[in-house]
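Below you'll find the structure, written out as C-alpha cells, and then a few comments.
Every number in this text was worked out from the coordinates using simple rules, so none of it is lab data. Everything numeric in this text was worked out from a predicted model, so none of it was measured. Reconstructed Cβ throughout: ideal geometry from the backbone, glycine too, with neighbour counts over all protein chains shown.
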Amino acid sequence: MMDEAQEDLLEHEDISQKPLSPPYNIPPLRSTRLHIQRSNVCSRAYFVVVMVFFHVYILNVIALLLYVHYNNGPGDLVSGDGASPAPVINTDRRLPQPAPSGRELHVEEYSQSFSLHRMEGIRVGHVQHVSVVPDRTHEMRTLSLKPLLFEIPGFLSEEECRVVVQLAQLKGLMDSQAATPSQDQTQLNQPLLSLSTEEVFSLLDLNQDGFLQKQEIVSHSRSRDGTWLSPDNLRQILTGLEASPTGILTLGEFRRIYDVSQRPRQQRSGSLHSHFKQRNRHTWLFQGLGSHRVLQTLRKRVIALTRLPSALLELSEPLQVSRYEHGDFTNAHYDSSSPQSETTCAHTRLAGNTSALTEVSCRYLTVLFYLSSVEDGGESTFPVADNRTYNEQALVQDGVDLTDTQQACGKGNLRLTPTAGTALLWYNHLSDGRGWMGELDEYSLHGDCPVKRGVKWVANSWVNVDPDHQQQARYQRLVAQRHQAKSGMDEHYQSLSHSDLHLDL
C-alpha cells in the first residue's frame, strides 16, 4: 500500500512538471483564479476596517458636539457678538458646590454657566428622599402641582429652631409696613402731602416748559420719594404719556390721567382684590461669613435642597424671621412679581434698567421654615392651589374675597398647620422651557391665617433671580469685581504693620 501511494505521488509530480500544450494548460488558469479570490478577500477586509474606524470617528464627533452643547447654558450670558448661547436644560444632576470663602471668590465663579434646577412633583402625595445633612435623608412630600409645593418634615431640629428665634429676638423685631384693617390702613393709603393737580404737574415738570416728557417722570421715580406720588400713580401717568400721540402731556391731559390714578384701585379696574394687609413683626438675619453657625448651616441645607448655584443664595436676601401673636395674619399675596418693562428687580438694581419706574422683588422660589408649633390657627393657606384654571374673579365666593385671610381662611384649597422644624418649598415662577425663570405662577398665591392661640414663628429664605439671565450675570460679575477690589484693599492693609498704619492715618 505504501509503495503504491509513493508511486502515485511520483507520477503526479512528473505530470505537474511536464509542460502541457496550450489547449490543456489548465493549472495556470486555476492558479490565477485563486490569486484573484485572495485579493478580493483582502480588499473586503480592508474596507470593513476602514468603515469601522470611520463610524467610530463620526460617533466621537457627535459626542463632542453634544458635550459642548449641554455644557453651555444661560450662565454664559454675554458672548463676543452679544448673542446669548443656547441655554442648558439637562444640568439637573449637578451636585451643589460649597459656598466660596471670602478669600476664594473670583469673577469666574459668578459668571459660569448654570441653569435653574427645578424639582419634579410627579403627583400630589408623592414622596421623595432628599439628603441635606450627612448620614441622613429627609422625606419630601408633594403637596400640590400648581404651584409646585413640597413639605419636608424635620428639616430643622428643635435646638436650631430655638437658636434662630433667639437670634431674631436679640436683633430686634420691627412692625410690618402694611397696616392692619383699621384707621391706620386709611392713613397709610393717603399721601403725606396734600397737593393739587397743578402742583403735582409743576413738580414733575423739571424744566418748567409747561409739558411733561417721559424722562421727567422717570427721573422722579428714581428719586424714590413716595411721599406724594406712589409707584402706582407714576405707572398710570407714564402709561397715559406713552399713549399720547405727541409723546408729551399738557396740563389738561395730565389732569385727566392724574384724576383717574387717584381713584381707588377697585374703582379703576373693577378688580375685587382687597388691598394687601398684614400684621406681624419681623427682622432680617445675615447668613454670610461671620454669622452664627446655625444660620450658615441652614443656608447650606437650602443649597443642597434646591440644588442651585451657591452664588445665587449668597447674593439673595437675608433670612427673614417673623413673629405672629394673637390675631396676627397676612393676606394672600405673591412673594415675587411678574416681569414688566417698567420695573427692575430690586436685587439687581446695580446693573438694572435705569429707566424703570419701580423696583420689585424677583424671587424664584421660597423656602419657609416653621420655627414653632401653634396651638390654634396660624395656618399657611394657598387659596387657589391646584385649581383647574385661575381667574381673578373666582377669588370671590359668596361675596367673600379669598385673599382676605381674616374672613375666608377656611375656604382656601390648601391649609397647612405649622409644625416646628418643618420646611415648605414652592416655586413662585414657572419655567421658561429653556432652563431659566419664566412667568409668575399665579397659583402661588398664599397667606397666613390669624393666630387664635399661641405664638407663631416662621422664617423665609428667598432665592433672588432676575428673569433676564444676562442682567443676572452682569450683576453677579459686578458684585464679584467689587468683592475682589475690596479683598485687595484688605490684603494691603493687613500687610501693613501697626506702626505703618498709624503713620498712614
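My understanding is that a pair violates if its Cα-Cα distance is over 31 Å; which of K277/K486; K171/K411; K146/K277; K146/K171; K171/K300 do that in this structure? Check vs 31 Å cut-off fails for K277/K486; K171/K411; K146/K171.
How many times 2.2 N^0.38 Å is the alpha carbon radius of gyration of the stretch 363-465? Provide the component values of the computation, followed by the final result.
Working: Rg = 14.8 Å, N = 103, 2.2 N^0.38 = 12.8 Å.
For the stretch 363-465, the normalised Cα radius of gyration comes out at 1.15.
What you get for the stretch 413-452, charging only the Cβ of Lys and Arg (+1) and of Asp and Glu (-1), is a dipole of about 240 debye around the Cα centre. Distant-in-sequence amide contacts of F329, defined by a placed amide H-H separation under 5 Å and a gap of 5 or more residues or a different chain, comprise R279. Panel order for V164, V396, V294, by other beta carbons found within 10 Å of each beta carbon, from fewest to most: V396, V294, V164. Sort C345, C161 so that the residue with the fewest other Cβ atoms within 10 Å of its own Cβ comes first and the one with the most comes last. If I rank by nearby Cβ atoms, fewest first, I get C161, C345.
What is the distance in Å between the Cα centroid of the stretch 440-469 and that of the stretch 381-435? When both Cα centres are located, 11 Å separates them.
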